[in-house]
Amino acid sequence: MTTPFDPEAFRRALHRAADVVADYLETVGDRPVLPNVEPGDLLSQLPAEAPEDAESFDALIDDFQRLVVPGVTHWNHPGFLAYFSSNGSEPGILGELLAAGLSVNAMLWHTSPAATELEIRACDWLRRLLGLPDAFQGHVNDTASVSTFLALAAARDTATDRDIRHEGLSGGPHLVVYCSDQTHSSIDKAVVALGLGLHQLRKIETDDEFRMRPDRLLAALTDDRAAGRLPIAVVASVGTTSTTSVDPVAEIADLCDREKVWLHVDAAWAGSAAVCPEERSLFAGWERGDSIVVNPHKWMATPMDCSVLFVRDPDLLRAAFSLVPEYLETREDAHPAKIDLMDLGVQLGRRFRALKLWFVMRAFGAAGLREKIRRHLRWGRRLAQRVDDHPDFELAAPAPWSVVCLRALLPDEPPAREDEFNRRVLEAVNRRGDVFLSHTKLQQRYVIRVAVSNLRTEEDRVDLAWQQIREEAERLRTDSDWNRPNEGS
Ligand SMILES: *Cc1c(COP(=O)(O)O)cnc(C)c1O
């Protein structure tokens, strides 16, 4: 028995889909980056119920083109310079397609030996590319949020002799996690989900370059111990989300060694830059982590989703998560080379994400991956220099990689008005549709953020972004509405 679909019709649809995808990628740069839609636009065009009668593959693809494509934000657009890009490269897209064809569930070695072993090898290739020691073993999760959650769960269980698996957290001392005030919100979420409670998350103060202050970290660790609380983990960031600042990981690692506290390194975005040996000084100390997260879906040409968690001791993840019911027992359980990836985390079923990562590393080659990142770093650093040199703008933070946080200056105006000015400039640039930039807040001040890490971006787009920022700032400075007194009141 097969499915009701005619194999020839399916083949034709696959060919058509191939053309749709290839055409899309060839022309994506001609569209506005952001769709011209209002909330509810697509919802109002979609029927309330699924169809009773079967529809053709062509009808599906037609509606994909008619309804869906005009309503997406184009992450593969060369002008996508917002957030951290997610890069769907050609080999990565091929890998996704072929993995969908297999539709395997790699929960156990037994349920897909090749998916399991390819994941182990692909993560090991990545580890070597990044210059990490062979003490680390990697596996693939959907996102950094999940990778970090798993690492902190292992840290929690490792830190105490208590049988948290059976007893839960009640009764013992409070377990405390440390990160900086710039750390990604996924740490907060992990602390919530692990039942530690946000009161047990210390946001350590950063210095004027947004790096965690080790002296404040030490003080917090000391305070907590004195009060009978138990420090379990420090999260250090290499490339924070707002400014891409780099915590002093080596100094933090010294403290973690001394205090016997787990060190988790969040390098979700910047980690990919470790493929370039000349950038490795920015990573000094990360190799001393107990766990490290790097998202190939952010800066290594791999489509959403693909986050690699490296740990020194996968048995600690197993201790936290392994649970094998009888119906999942397999006859290879005694084999030393066998790994069941379900043991390393919360999820049982898992997609075959390693295929696209393997394709990406092979199709680019290490040299291609390095070249791609070097170009981004060159353009980003050049933009930072231009901003710094311009009298009407300032760099709102150092730009160690290729993300530039900048602000238009209104020296004679109060800060709130300068913030509003920058917000309007950003909106005006984004409305033009050639580039999409995002913003952040630094020390309560509004900041425009340009992130150069998109596979399809060329240098001229970065130049265009800078040109349009200057043009829109100039336009607004002379705008009569903007200059009317009591504006906005
Ligand atoms: C993007 C990012 C995350 C979260 O990534 P997801 O994969 O979307 O969960 C965590 N940490 C840092 C530093 C990030 O840049």
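Out of all the residues in segment 131-182, which are away from the ligand (no atom under 16 Å from the Cβ), part of a loop (DSSP other than H, G, I, E, B) and of a type in the set (S, T, N, Q)?
160, 170
Of the numbered conditions (1) outside any helix (DSSP H, G or I); (2) crowded, with 16+ Cβ neighbours inside 10 Å, residue 468 satisfies every one except a single condition; which is it?
Going through (1) outside any helix (DSSP H, G or I); (2) crowded, with 16+ Cβ neighbours inside 10 Å one by one, residue 468 breaks only (1).
Just to be sure before I move on: is residue 400 in a loop (DSSP other than H, G, I, E, B) and modelled with pLDDT under 95 in the structure I sent?
Answer is no for this residue.
Going through 324, 294 one at a time, which residue ends up being aliphatic (A, V, I, L, M) and surrounded by 24 or more Cβ atoms within 10 Å (Cβ to Cβ)?
None of the other options fit; the residue is 294.
Would you confirm, using the coordinates I've provided, whether residue 354 is in contact (Cβ under 8 Å) with a residue 40 or more places away in the chain and either surrounded by 23 or more Cβ atoms within 10 Å (Cβ to Cβ) or in contact with a strand residue (DSSP E or B) (Cβ under 7 Å, 6 or more places away or on another chain) (or both)?
Yes.
Does residue 308 count as within 16 Å of the ligand (Cβ to nearest atom) and either modelled with pLDDT of 95 or more or polar (S, T, N, Q) (or both)?
yes
What number of residues within segment 183-196 are away from the ligand (no atom under 14 Å from the Cβ) and touching a Cys at 6+ places or on another chain (Cβ under 6 Å)?
Of the residues in that region, 0 qualify.
When residue 2 is evaluated against the numbered criteria (1) modelled with pLDDT of 95 or more; (2) out of contact with any strand residue (DSSP E or B) (no Cβ under 8 Å at 6 or more places or on another chain); (3) part of a loop (DSSP other than H, G, I, E, B), which criterion, by number, is the only one it fails?
The failed condition is (1).
Which condition number in (1) at positive phi; (2) surrounded by fewer than 19 Cβ atoms within 10 Å (Cβ to Cβ) is the one that residue 285 fails?
For residue 285, the exception is condition (2).
When you go through 416, 408 one by one, which is the residue that is outside the structural domain of residue 240 (by TED's automatic domain parsing), buried (at least 22 other Cβ atoms within 10 Å of the Cβ), at pLDDT 95 or above and not aromatic (Phe, Trp, Tyr)?
Every option except 408 fails the conditions.
Given the conditions (1) touching a residue at least 60 places away in the same chain (Cβ under 8 Å); (2) in contact with a helix residue (DSSP H, G or I) (Cβ under 8 Å, 6 or more places away or on another chain), report the number of the one that residue 29 does not fulfil.
Answer for residue 29: the failing condition is (2).
Any residue in segment 218-237 that is among the acidic types (Asp, Glu), under 30 Å from residue 384 (Cβ atoms) and touching a Lys or Arg at 6+ places or on another chain (Cβ under 9 Å)?
Within segment 218-237, none of the residues are among the acidic types (Asp, Glu), under 30 Å from residue 384 (Cβ atoms) and touching a Lys or Arg at 6+ places or on another chain (Cβ under 9 Å).
Given the conditions (1) part of a helix (DSSP H, G or I); (2) touching a strand residue (DSSP E or B) at 6+ places or on another chain (Cβ under 6 Å); (3) free of Cβ contacts under 8 Å to residues at least 24 places away in the same chain, report the number of the one that residue 367 does not fulfil.
So the condition that residue 367 fails would be (2).
Quick one: is residue 105 surrounded by 13 or more Cβ atoms within 10 Å (Cβ to Cβ), out of contact with any Leu (no Cβ under 7 Å at 6 or more places or on another chain) and polar (S, T, N, Q)?
So residue 105 passes the test.
Show me the strands (runs of 3 or more DSSP E) found entirely inside segment 197-292 where at least 1 residues are within 13 Å of the ligand (Cβ to nearest atom) and touching a helix residue (DSSP H, G or I) at 6+ places or on another chain (Cβ under 8 Å).
Because the criterion is at least 1 residues that are within 13 Å of the ligand (Cβ to nearest atom) and touching a helix residue (DSSP H, G or I) at 6+ places or on another chain (Cβ under 8 Å), the strands (runs of 3 or more DSSP E) in segment 197-292 that meet it are 230-237, 262-266.
On the given criteria, is residue 122 within 30 Å of residue 370 (Cβ to Cβ) and either within 14 Å of the ligand (Cβ to nearest atom) or surrounded by fewer than 24 Cβ atoms within 10 Å (Cβ to Cβ) (or both)?
Taking the combined requirement at face value, the residue does not satisfy it.
Here's the yes/no breakdown for (1) without any contact (Cβ under 8 Å) to a residue 40 or more places away in the chain; (2) surrounded by 19 or more Cβ atoms within 10 Å (Cβ to Cβ); (3) basic (Lys, Arg); (4) touching a Pro at 6+ places or on another chain (Cβ under 8 Å):
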{"site": "189", "(1), (2), (3), (4)": "no, no, yes, no"}
{"site": "195", "(1), (2), (3), (4)": "yes, no, no, no"}
{"site": "217", "(1), (2), (3), (4)": "yes, yes, no, no"}
{"site": "228", "(1), (2), (3), (4)": "no, no, no, yes"}
{"site": "244", "(1), (2), (3), (4)": "no, yes, no, yes"}
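Look through 407, 445, 449, 461 and report the one residue that is of a type in the set (Lys, Arg) and within 15 Å of residue 83 (Cα to Cα).
449
Inside segment 108-119, can you point out the residues that are surrounded by 22 or more Cβ atoms within 10 Å (Cβ to Cβ) and closer than 18 Å to residue 365 by Cα?
119 - this is the single residue of segment 108-119 that is surrounded by 22 or more Cβ atoms within 10 Å (Cβ to Cβ) and closer than 18 Å to residue 365 by Cα.
The values are calculated or read from the model by the stated rules, or taken from the named source; none is laboratory data. None of these values were measured; they are calculated from a predicted model. Quick reminder, even Gly has a Cβ in these numbers, built from the backbone with ideal geometry, and neighbours come from all protein chains shown.
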